[in-house]
Amino acid sequence: MKIPWLAALLNFIFMGAGTFYNGRRVPLGAALTVGALLLTYVEMSLQTLNQTLWAVMFGAVFLNNTFLAIDGFQEAKSINDKSGR
């Protein structure tokens, strides 16, 4: 049994962690984790170079993580529904 809010929280805090937790799409979770590391590097570089671009990047990452949290929540609920719980 998967806990939907935990999958959502994990995906919101660190992209891919909730996907790993759900265990259904592990390659996607790995790709999201690598992407999160790359985005963190780009975001930190932009913070010192250009504040305006950093704000745009921060907003984009925030929206992306919000949608991933929703996806993780729905996937965990789907896993629970298919297992008869």
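Please treat every number below as a calculation from the coordinates, not as lab data. Just so it is clear, the model here is predicted, and its values are computed rather than measured. Every residue, glycine as well, gets a Cβ built from its backbone with ideal geometry; the counts of neighbours run over all protein chains shown.
Structure notes:
- Remark: the chain carries a charge dipole of roughly 360 debye about the Cα centre, counting +1 on each Lys and Arg Cβ and -1 on each Asp and Glu Cβ.
- Sorting the Cα pairs of the chain by distance into bins of 5 Å, from 0 upward, gives 3, 17, 22, 20, 14, 10, 7, 4, 2, 1, 0 percent per bin.
- Ranking 27, 65, 9 by Cα position along the charge dipole of region 4-82, where only Lys, Arg, Asp and Glu carry charges on their C-beta atoms, puts 27 farthest toward the positive end.
- DSSP H segments from the chain that extend 27 Å or more along their own axis, Cα-based, with Kyte-Doolittle mean of 1.0 or above: 26-49
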